[in-house]
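*Asks:* Below is the structure I would like to discuss, written out as structure tokens.
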Amino acid sequence: MTTSPYLLPEPAENDELQDLRSSGAAQRALDFYLKEEMSTPVANEALFAIKAGISQEEALIHASDLLRSAAATAYESASNHQGNQRDLAFSVVYLIDMAKAMVERSLQVREAQADS
């Protein structure tokens, strides 16, 4: 009696798996567990970069604008929910408003120092 070998199916191409393999986090994890020497880090591939030489005031103004946008988004989300999800979304609005107030206070203090 002879048996024919079972052929294993070809693995499906999975873009998500390929993305994970090329991620910096996956590379660092593999390096930590499998290599004695670490790989050279991949250049920073940040989606958002801060312009070199930006002043503190410009950074605070931009942060205030970002917080205003985040608050509007959270507020809109809260308006579309009910119960605990609504409460959580409004708590995010509250936290963002507090952070925005701190940024704006920093700008006011900076202006007062510049005037004196």
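*Asks:* For the stretch 56-115, compute Rh as the Kirkwood radius over C-alpha pairs and then the Stokes-Einstein diffusion coefficient at 20 °C and 1.002 mPa s; write the answer in µm²/s, rounded to an integer.
*Replies:* 174 µm²/s
*Asks:* Okay, which of the stretch 43-85 sit inside 15 Å, backbone N to the point 7 Å along the Cα-Cβ direction of Q113?
*Replies:* 55-61
*Asks:* Here is a follow-up. Would you mind calculating the gained length between E104 and I54 on full extension (0.36 nm times residue separation, minus the Cα-Cα distance), in nm to one decimal?
*Replies:* Value of the extension gain: 16.3 nm.
*Asks:* Given R₀ = 30 Å, FRET efficiency for S79-L34 by Cβ-Cβ distance, to 0.05?
*Replies:* Efficiency at R0 = 30 Å is approximately 0.05.
*Asks:* At L66 and F90, where each label point lies 7 Å from the Cα along Cα→Cβ, what is the point-to-point distance in nanometres?
*Replies:* 2.8 nm
*Asks:* Counting Lys and Arg as +1 and Asp and Glu as -1, each charge on the Cβ, what is the dipole of the stretch 56-115 about the Cα centre in debye, to the nearest 20?
*Replies:* So the magnitude is around 240 debye.
FYI, it's all coordinate maths here, none of it is from the lab. Keep in mind that what you see is a predicted model, and the values were worked out from it rather than measured. Glycine gets a Cβ as well: all are built from the backbone with ideal geometry, and neighbour counts include every protein chain shown.
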